[in-house]
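Student: Got a structure for you, questions after.
Each reported figure results from applying straightforward, stated rules to the coordinates on display, with no laboratory input. Since we're looking at a predicted model, the values are computed, not measured. Cβ: placed from backbone, ideal geometry, glycine included. Neighbour counts: every protein chain shown.
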Amino acid sequence: MKIGDSNVELKWLGHSGFMIKNSKVIYIDPYNLQNAELLEKADFIFLTHSHYDHCSVADMGKIVKEGTTIVMTADCQSKIARFNVPIKMEVVEPGQEATFGEIKVSTFPSYNIDKHFHPKEEGWVGYLIRINNILIYHAGDTDKIPEMQKLTGYSGQGKEFVVLLPVGGRFTMTAEEAAEAASLIGPSLTIPMHYGSVAGTEDDAKEFVSLCLENGINAKVLEKS
């Protein structure tokens, strides 16, 4: 999927995995990657936390190349094995900013409010990835949290704000809760994730989109690439 009128491409790889492609190839939480021989190698890999379905060394091994930068939370470090090519590692926590050429990245809190799976004190993250006038927010494994109020107001005036939200329930938001979060944030487009394998179903994704559209929020289910 092309974002707006830009040359930035966004692909959903299943579960919470995405690829963003412009002049660089960026992966976020790659997991259970299919057709690995067809996948482009990664310039950057962003990991939201260390759970197996977000920090998969086996899947990263399919897409790393010499010089790939892996941006991760501290708990991921011990899982990053020695790949057969040299890589770079950057450890982050919520509230940080970094610039990689034309790509600007901010880390955002990602945690559960009323569940024990993703405690706030772990310091796990979502990512705000900015490429020119495009901002992509990958929320990580989170509930609707108060910090999301800070994300309002980016859309419009030639800017595109794409929000990727977990909808599968149990470990993260339900479809209804994610739709409430989308209404709070007010993106140009919101896309469901974290369903179809570990938790949640395609029906959750469809319900999320339906609720968003009812609330005047542009939403879309991406086909798995």
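Student: Which whole number of Å³ per residue matches the convex hull of the alpha-carbon atoms in the stretch 9-214?
Tutor: 113
Student: Using the 2.2 N^0.38 Å rule of thumb for compact globular proteins, work out how the stretch 104-165 stacks up: its C-alpha Rg over that value, please.
Tutor: This ratio for the stretch 104-165 stands at 1.17.
Student: Still on this structure, please answer the following. Quick one: putting +1 on the C-beta of Lys and Arg, -1 on the C-beta of Asp and Glu, what dipole do you get for the stretch 9-214 around its Cα centre, in Debye to the nearest 20?
Tutor: Computed about the Cα centre, the dipole is about 660 debye.
Student: Then there is this: Take the Cα coordinates of the stretch 5-120, assign each an equal point scatterer, and use the Debye formula without solvent to give log10 I(q)/I(0) at q = 0.09, 0.18 Å⁻¹.
Tutor: Ignoring solvent entirely, the Cα scatterers give -0.23, -0.96.
Student: With everything on Cα atoms, drop me the angle between helix 175-185 and the longest principal axis of the chain, reported from 0 to 90° to the nearest 10.
Tutor: Between helix and principal axis, roughly 90 degrees.
Student: While we're here: Angle check, please: helix 202-214 long axis (alpha carbons) against the longest principal axis of the chain (alpha carbons), in degrees 0 to 90, nearest 10.
Tutor: That works out to roughly 50 degrees.
Student: Amide H to amide H, which residues 5 or more places from HIS118 or on other chains are under 5 Å from it, using H placed in the peptide plane?
Tutor: Here ASN112 satisfy the definition.
Student: Follow-up. Per residue, what volume in Å³ does the convex hull of the Cα atoms of the stretch 31-84 enclose?
Tutor: 73
Student: With an 8 Å cut-off on Cα pairs and a minimum separation of 6 or more residues, tell me the relative contact order of the chain in percent.
Tutor: Across the chain, relative contact order equals 14 percent.
Student: Only four residue types carry charge here, +1 at the Cβ of Lys and Arg and -1 at the Cβ of Asp and Glu. Report the dipole size of the stretch 95-186 about the Cα centre in Debye, rounded to the nearest 20.
Tutor: Charge dipole, the stretch 95-186, about its Cα centre: 200 debye, nearest 20.
Student: On to the next question. Could you tell me which of PHE100, PRO146, TYR111 has its Cα farthest along the dipole of the stretch 99-197 towards the positive end, charges placed at Cβ (Lys, Arg +1; Asp, Glu -1), taken about the Cα centre?
Tutor: PHE100
Student: Toward the positive end of the charge dipole of the chain, about the Cα centre and with charges on Cβ (Lys, Arg +1; Asp, Glu -1), which of SER16, ALA74, ASN215 goes farthest?
Tutor: The Cα lying farthest towards the positive end belongs to ALA74.
Student: Once amide H atoms are placed 1.01 Å from N in the peptide plane, what residues at a sequence separation of 5 or more from VAL163, or on another chain, have their amide H within under 5 Å of its amide H?
Tutor: HN-HN under 5 Å from VAL163: TYR137, LEU189, THR190, ILE191.
Student: Counting helices only, and only those DSSP H runs with n ≥ 4, report the 222 nm mean residue ellipticity of the chain as the sum of -39,500 (n - 2.57) divided by its residues, in deg cm²/dmol to the nearest 500.
Tutor: -3500 deg cm²/dmol
Student: In the chain, what percentage of the DSSP-assigned beta bridges are antiparallel, given to the nearest 5?
Tutor: Antiparallel bridges: around 55 percent, rounded to the nearest 5.
Student: Rank GLY123, GLY95, GLY186 by mean-square fluctuation in a GNM of the chain with C-alpha springs under 10 angstrom and give only the top-ranked residue.
Tutor: GLY95
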